[in-house]
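Participant: Right, I'll just put the structure down here and ask away after.
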Amino acid sequence: MAAETPKTMSGVVIEKPGGVDVLKHKTDLPVPEIKEGELLVKNEYIGVNFIDTYFRTGLYPSSSGYPLITGKEASGTVVSSKHPRFSPGDRVAYLGNAAYAEYTAVSASRCIGPLPERISSETAAAALLQGLTALTLVREAAGIEQKLGISEGPWALVHAAAGGTGSLLVQILSVMGAKVIATAGGQEKCEQAHHHGAQWTIDNKSEDVVERVKEITNGRGVDVIFDGVGKATFDADLEMVARKGTVISFGNASGKVEPLDILRLGAKNIKVMRPVLFGYIVTPEEWERWTTELFELIKTEKVKIKVHEVYPLQEVARAHTDLEGRKTTGKLLLKL
Ligand code: NDP
C-alpha cells in the first residue's frame, strides 16, 4: 500500500437492516487492504442505485452479513494496484462492493480505465451500472435486434421511464429503432421520457396504463416490457404484452413480484424473464464488449446521462429517501 494512504477513512455503515436511519456516516473505518488482482481506489463520485436500498432494508440479504458498507459503483483514482493493467493515478470507474466509502478495494476485472478525457468522473459513475443494465436488457434479454425485422414493431414499453435505468432504456431502444411507450409518475417525468425518445408517454398517476397501451397499439399489445417497478405493475404487464411477447421483470422498486401461476402465460405464449446484470458480465469478453459499447454510446452522445443531484456522502439518507419516494429522475450520486 502506498505510504501516503491513511489507515482510516470515512464511509457509510449499515449495522443492521432497516430504514434510512440505519445508514451511519463514520470517519474511523479501516482502509481496505488489496489482494492480487485488485486495486485500491480513492472514490470521487459514488452511484446510488435502487439495489442499495434492498441491501439496506434486507430485501436482498448481505452475503457477508452486517455491519455492511453498501454501494455497487463509483469513479475515482487508483492509489495502489496489484494488477499490471492499472497504475496509481489512473482515473477509473468500477462495479464492486462497499463503494459508500472514501476508499474501496476493487477487482481489476470490473474496472474500466484510465477513463478517456471526454468522459468525466461524474458521468462515468452515473453511467456504469444502469447503462450496462439497460444495454444488456435490450440486447441480451429482449434480443431487440432480432425483433427489429417484424413489420409492426417491435413495440417496447418501459416503466419508470424517467428513472436512472428507465431513461437509459428509452434512449437505447429509440436509437435502435423500437417504438417506445413510456410510463412515469407525473407530467414532468413523462416530458423527460418524451425528450429521451419515447414516442408515447403515459402518466401512471392519472391515466389507466393498460387502456392507453391498448389504444396506442390498436389492441395488439407490446412485444417487450421492461419492468423495474415489480409488484405494482407485473399483473398489468401480462395484459399489455402482445401474443408471443416478452415481459422482462428486472426490479422491485414497489416490492417483490408475487409468485406467478405459470398457466397464465399460455393465453398468449408469453415469455417472462427475471434477469440480473451481473449474469451478463461474467467473462472478460462480456465485460469488454458491453463497457466498450456503453462508452461509445456516451461519447457519440447517442445516450445522454442526466444526473438528478449530487449529494454529499453524509446526506446519503436523504438520497435514499428521495429515490424510494419517487422524487427523482435520472441518476443520484454521492460525493466525498
Ligand atoms: P429509478 O431511478 O428508476 O427509481 C425508481 C422508480 O421506480 C421511481 O422513480 C418511480 O418512478 C418508480 N416506482 C414506481 N413505484 C414505486 C414505488 N412504490 N416505490 C419506489 N419507486 C417506484 O431506480 P433505478 O434506476 O436505480 O432502478 C430501477 C429498477 O431497476 C429497480 O427496481 C432496480 O432494482 C432495478 N435494477 C435491476 C438491475 C438488474 O440487474 N436486474 C440492475 C439495475 C437496476 P415513477 O414515479 O416514474 O413511476
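The values are calculated or read from the model by the stated rules, or taken from the named source; none is laboratory data. A quick note: this is a predicted structure, and the numbers were derived from the prediction, not measured. Backbone-built Cβ (ideal geometry, glycine too); neighbour counts: all protein chains shown.
Participant: So which of L294, L332 ends up being touching a strand residue (DSSP E or B) at 6+ places or on another chain (Cβ under 8 Å) and within 15 Å of the ligand (Cβ to nearest atom)?
Facilitator: Working: L294 fails: touching a strand residue (DSSP E or B) at 6+ places or on another chain (Cβ under 8 Å).
Answer to the selection: L332.
Participant: Same structure, new question: Just the residues that are charged (D, E, K, R) and closer than 25 Å to I248 by Cβ, please, taken from region 87-135. Can you show your working first?
Facilitator: In the first step, residues of region 87-135 are kept if they are charged (D, E, K, R); the result is 90-91, 102, 110, 117-118, 122.
Scanning region 87-135 gives a single hit, R110.
Participant: Pairs needed: first member in region 137-150, among the acidic types (D, E); second member anywhere, in a helix (DSSP H, G or I) and surrounded by fewer than 20 Cβ atoms within 10 Å (Cβ to Cβ); C-beta distance under 8 Å; at least 6 residues apart or different chains.
Facilitator: If the second residue must be in a helix (DSSP H, G or I) and surrounded by fewer than 20 Cβ atoms within 10 Å (Cβ to Cβ), the pairs left are E145/R139; E145/M176.
Participant: Now for a different question. Out of (1) touching a Pro at 6+ places or on another chain (Cβ under 6 Å); (2) touching a residue at least 60 places away in the same chain (Cβ under 8 Å), the odd one out for E33 is which?
Facilitator: Condition (1) is where E33 drops out.
Participant: Starting from region 10-29, take each residue that is hydroxyl-bearing (S, T, Y) and list its partners that are surrounded by 12 or more Cβ atoms within 10 Å (Cβ to Cβ) and assigned to a loop (DSSP other than H, G, I, E, B), counting only C-beta distances under 8 angstrom and pairs at least six apart or across chains.
Facilitator: Going by the 8 Å Cβ cut-off, the qualifying pairs are S10/E102; S10/L336.
Participant: Which one of Y66, Y94 is within 16 Å of the ligand (Cβ to nearest atom), of a type in the set (F, W, Y) and touching a Lys or Arg at 6+ places or on another chain (Cβ under 8 Å)?
Facilitator: Result of the check over Y66, Y94: Y94.
Participant: Follow-up question, since we're still on this one. Give me the pairs, please: first residue somewhere in region 218-244 and assigned by TED's automatic domain parsing to the domain that holds A161 and farther than 18 Å from L173 by Cβ, second residue anywhere and outside any helix (DSSP H, G or I) and of a type in the set (D, E), beta-carbon distance under 7 Å, and either six or more positions apart or on two chains.
Facilitator: K231/E258; F234/D227
Participant: Starting from residues that are in a loop (DSSP other than H, G, I, E, B) and more than 10 Å from the ligand (Cβ to nearest atom), keep the ones in region 180-213 and report whichever is surrounded by the most Cβ atoms within 10 Å (Cβ to Cβ). Don't jump to the end; show me each part of the working.
Facilitator: Step one: list which residues in region 180-213 are in a loop (DSSP other than H, G, I, E, B), which gives 185-186, 196-199, 204-208.
When the remaining residues are screened for being more than 10 Å from the ligand (Cβ to nearest atom), the result is 196-199, 206-208.
Working: H196: 25, G197: 19, A198: 29, Q199: 14, S206: 10, E207: 13, D208: 12.
The extreme case among them is A198.
Participant: All but one of (1) surrounded by fewer than 22 Cβ atoms within 10 Å (Cβ to Cβ); (2) in contact (Cβ under 8 Å) with a residue 60 or more places away in the chain; (3) in contact with a Leu (Cβ under 7 Å, 6 or more places away or on another chain); (4) not acidic (D, E) hold for K304; which doesn't?
Facilitator: K304 satisfies all of (1) surrounded by fewer than 22 Cβ atoms within 10 Å (Cβ to Cβ); (2) in contact (Cβ under 8 Å) with a residue 60 or more places away in the chain; (3) in contact with a Leu (Cβ under 7 Å, 6 or more places away or on another chain); (4) not acidic (D, E) except (3).
Participant: Residues of region 44-88 being of a type in the set (A, V, I, L, M) and closer than 26 Å to P17 by Cβ, which ones?
Facilitator: Result: I46, V48, I51, L59, L68, I69, A74.
Participant: Applying the selection to region 239-258, what residues are β-branched (V, I, T) and over 15 Å from the mean Cα position of the chain (by Cα)? Talk me through it step by step, then tell me what you get.
Facilitator: Keep residues of region 239-258 that are β-branched (V, I, T), which gives 241, 246-248, 257.
V241, T246, V247, V257, listed by residue number.
Participant: Let me ask something additional. What are the pairs, 6+ residues apart or on separate chains, where a residue within region 260-285 that is at negative phi has its Cβ under 9 Å from a residue that is more than 10 Å from the ligand (Cβ to nearest atom) and assigned to a loop (DSSP other than H, G, I, E, B)?
Facilitator: That search, which allows pairs on different chains as well, returns R264/I270; K268/G221; V272/L260; M273/A142; R274/V257.
Participant: State all residues of region 132-167 that are buried (at least 24 other Cβ atoms within 10 Å of the Cβ) and more than 15 Å from the ligand (Cβ to nearest atom); if no residue qualifies, say none.
Facilitator: P154, W155, A156
Participant: Residues that are farther than 29 Å from V13 by Cβ: which helices (runs of 4 or more DSSP H) entirely in region 231-336 hold 1 or more of them? Break it down into steps so the answer makes sense when it comes.
Facilitator: Working: elements: 234-240, 284-299, 316-324.
Passing ranges, in order: 234-240, 284-299.
Participant: Being touching a residue at least 12 places away in the same chain (Cβ under 8 Å), over 29 Å from R118 (Cβ atoms) and surrounded by fewer than 21 Cβ atoms within 10 Å (Cβ to Cβ) is the filter here, so list the residues in region 65-99 that pass it.
Facilitator: Result: Y66, P67, I69.
Participant: Does region 168-179 contain at least one residue that is away from the ligand (no atom under 16 Å from the Cβ), in contact with a Lys or Arg (Cβ under 7 Å, 6 or more places away or on another chain) and not in a loop (DSSP other than H, G, I, E, B)?
Facilitator: Looking for residues that are away from the ligand (no atom under 16 Å from the Cβ), in contact with a Lys or Arg (Cβ under 7 Å, 6 or more places away or on another chain) and not in a loop (DSSP other than H, G, I, E, B), one finds at least one in region 168-179, hence yes.
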